[in-house]
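A.B. asks: The structure is given below, and queries will be raised subsequently.
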Amino acid sequence: MAPLAALLLLLLAAAALAKPVEYHSFVATPLSPHPYTAPAAVDDEDVFGGSLAAAEDGAAAAVRFRVVHRDAFAVNTTAAELLKHRLRRDKRRAARISKDAAGGGAAANGTSRGSGGVAAPVVSGLAQGSGEYFTKIGVGTPATPALMVLDTGSDVVWLQCAPCRRCYDQSGPVFDPRRSSSYGAVDCAAPLCRRLDSGGCDLRRRACQYQVAYGDGSVTAGDFATETLTFAGGARVARVALGCGHDNEGLFVAAAGLLGLGRGSLSFPTQISRRYGRSFSYCLVDRTSSASSSSGNLAGGSRSSTVTFGPDAVGASASFTPMVRNPRMETFYYVQLVGISVGGARVPGVAESDLRLDPSTGRGGVIVDSGTSVTRLARPAYSALRDAFRGAAAGLKLSPGGFSLFDTCYDLGGRKVVKVPTVSMHFAGGAEAALPPENYLIPVDSKGTFCFAFAGTDGGVSIIGNIQQQGFRVVFDGDGQRVGFAPKGC
């Protein structure tokens, strides 16, 4: 009996020394069952943070603007319907990113084969092809207002232009380059034209041509040019290379075009780097804040989604991890995720080897993406994370059957406040993102069903989505080649 007694004593001692599970108190607020319609007469200056009239010198030290999620434009739609559409878009986008990351595809890098800064509010996009977040900028001289998608998974800046051979319906007037004194065509022999993967040429006009094709079949094509962009608050940026699309079709909805925020040579951050440096950051508020707001105030009071370019983008409170380069796909922002904790304890099955990029094939790795909603992890890592969360959340009632891409959901109907295990993401270099519970347990109906907002993928690349990013100021420090996360950054 002595060995058995000794073993029992060891087990009791280990249990006494075991770290208790860490929990958050989570306010369980179901989705509203009532249809939502965005206010019809919302002042753009309230929503987007100021007039688009250019400052006298246009020489702002930084660019800072608000952004808005696409759900803010909903018309007679319930929150559950918005979520269903969002998850459908998300599935398509994640599949496109996985394909492009592994194959060096043209869609992601934005072209077809054949001490200061700038800030603006962000709005989520209205379709898979048009992304999730929007901002309003001025294009040309005088400035024509244009609702633009912001996308870290694309490089080329483009918008619809008159005259249209084919144009989809957009919010506001279509930009007409013939009425702008600052519009400049790019010659076929110009270095800018050669930076397109395979820029075409209109030989009659000696005009550089561009085309961007997206994985969902959406396409934009037209003249490649330079133009002046004006941002809320008066910051003006001259000679931005962009596509002036006369032939556009697909799933673009409402937006006039796209502001590519990727790492490539034609992205907006790269183009403005001489003036503002290669750093920018964004902070995305809770995606349901505008659609569920009873007041309908899309400006969000003191909390609104914003983007900042320039030295002000790099906050002192962020913890940083090195950027990782994928030689087969220059657009995406890769980081090295080395582990995840649940309840304060590292999950043994979330192996760094399952999340590492293979530079020789372009497969694997983890990217931070503004346009994907749900974080997707390589299947073995996700399974380990899910099982650890289920074990630590054993006191919550599982809801059978799952929901859409979520396989772990809970019935919290009738409960106001519950305790949920903490979840933290750990990155190379010691950076950590300790997620608030709203970033990983989300309502999916009005009955009190909440789902664990992670998913598994067999597509090669893992993606940290915007649901997990909300509330953080996410810093893309191109000068320092690092990505940072600052909690409560909005």
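A.B. asks: With the Cα gyration tensor of region 432-486 giving a ≥ b ≥ c as the square roots of its eigenvalues, does the rule (a/c under 1.5 for rounded; else a/b larger than b/c for prolate; else oblate) give rounded, prolate or oblate?
C.D. replies: Oblate, since a/c reaches 1.5 and b/c is not below a/b.
A.B. asks: From largest accessible area down, sort His69, His34; use a 1.4 Å probe on the protein chains. List each step's numbers first, then the result.
C.D. replies: Values: His69 10, His34 125 Å².
The residues order as His34, His69, largest area first.
A.B. asks: Still on this structure, I have one more. Would you work out if region 386-453 is rounded, prolate or oblate? Take a ≥ b ≥ c from the square roots of the eigenvalues of the alpha-carbon gyration tensor; rounded if a/c is under 1.5, else prolate when a/b is larger than b/c, oblate otherwise.
C.D. replies: prolate
A.B. asks: What dipole magnitude, in Debye to the nearest 20, does region 349-453 give about its Cα centre under +1 on Lys/Arg Cβ and -1 on Asp/Glu Cβ?
C.D. replies: 340 debye
A.B. asks: Rounded, prolate or oblate: which fits region 132-282 when a ≥ b ≥ c are the square roots of the eigenvalues of the alpha-carbon gyration tensor, with rounded for a/c under 1.5 and prolate only if a/b beats b/c?
C.D. replies: rounded
A.B. asks: Provide the per-residue ³J(HN,Hα) series for region 394-408, in order, calculated from phi with Karplus coefficients 6.51, -1.76, 1.60 and θ = phi - 60°, each as a whole number of Hz, with x at glycine and proline positions.
C.D. replies: With coefficients 6.51, -1.76 and 1.60, one gets 4, x, 9, 7, 5, 9, x, x, x, 7, 6, 7, 8, 10, 10 Hz.
A.B. asks: Considering only protein heavy atoms, what is the solvent-accessible area of Ser341 at a probe of 1.4 Å, reported in Å² to the nearest 10?
C.D. replies: That residue has around 10 Å² of solvent-accessible surface.
A.B. asks: Sticking with this one: Tell me which lysines have Cα within less than 18 Å of Lys91's Cα, excluding those fewer than 8 residues away on the same chain?
C.D. replies: Cα-Cα hits under 18 Å: Lys99.
A.B. asks: Using heavy-atom solvent-accessible surface (probe 1.4 Å) with all chains present, what is the largest-first order of Arg346, Arg274, Arg386?
C.D. replies: Listed by decreasing accessible area, they come as Arg274, Arg346, Arg386.
A.B. asks: Holding the Cα-Cα limit at 27 Å, pick out from Lys19/Lys419; Lys19/Lys84; Lys136/Lys488 the pairs that are longer than that. Can you show the working numbers first?
C.D. replies: On the way: Lys19/Lys419 17 Å; Lys19/Lys84 39 Å; Lys136/Lys488 24 Å.
Beyond 27 Å: Lys19/Lys84.
A.B. asks: In whole Å, what are the Cα extents of region 301-351 along the three principal axes, biggest one first?
C.D. replies: Principal extents (Cα only, largest first): 39, 36, 20 Å.
A.B. asks: Ranked by accessible surface with a 1.4 Å probe, highest first, in what order do Lys488, Lys84 come?
C.D. replies: Lys488, Lys84
A.B. asks: Quote the accessible area belonging to Glu432 in square angstrom, nearest 10, computed with a 1.4 Å probe and with ligands, DNA and RNA left uncounted.
C.D. replies: Here the residue's solvent-accessible area equals roughly 80 Å².
A.B. asks: To continue, here is another question. Considering only protein heavy atoms, what is the solvent-accessible area of Thr230 at a probe of 1.4 Å, reported in Å² to the nearest 10?
C.D. replies: About 0 Å², ignoring ligands and nucleic acids.
A.B. asks: Where nothing but the Cβ of Lys and Arg (+1) and of Asp and Glu (-1) is charged, how large is the charge dipole of region 161-277 around its Cα centre, in debye to the nearest 20?
C.D. replies: Charge dipole of region 161-277: 520 debye, to the nearest 20.
A.B. asks: At q = 0.14, 0.27 Å⁻¹, what log₁₀ I(q)/I(0) does region 331-400 have when each alpha carbon counts as one equal point scatterer in the Debye sum?
C.D. replies: With one equal scatterer per Cα and no solvent, log10 I(q)/I(0) is -0.51, -1.25.
The values are calculated or read from the model by the stated rules, or taken from the named source; none is laboratory data. Small disclaimer: the values here were computed from a predicted structure and weren't measured. Because the Cβ atoms are built from the backbone with ideal geometry, glycine has one as well, and the counts that use them run over all protein chains shown. Please note that ligands, DNA and RNA were not included when accessible areas were found on the heavy atoms of the full protein model with its side chains. Shrake-Rupley method; radii C 1.70, N 1.55, O 1.52, S 1.80 Å.
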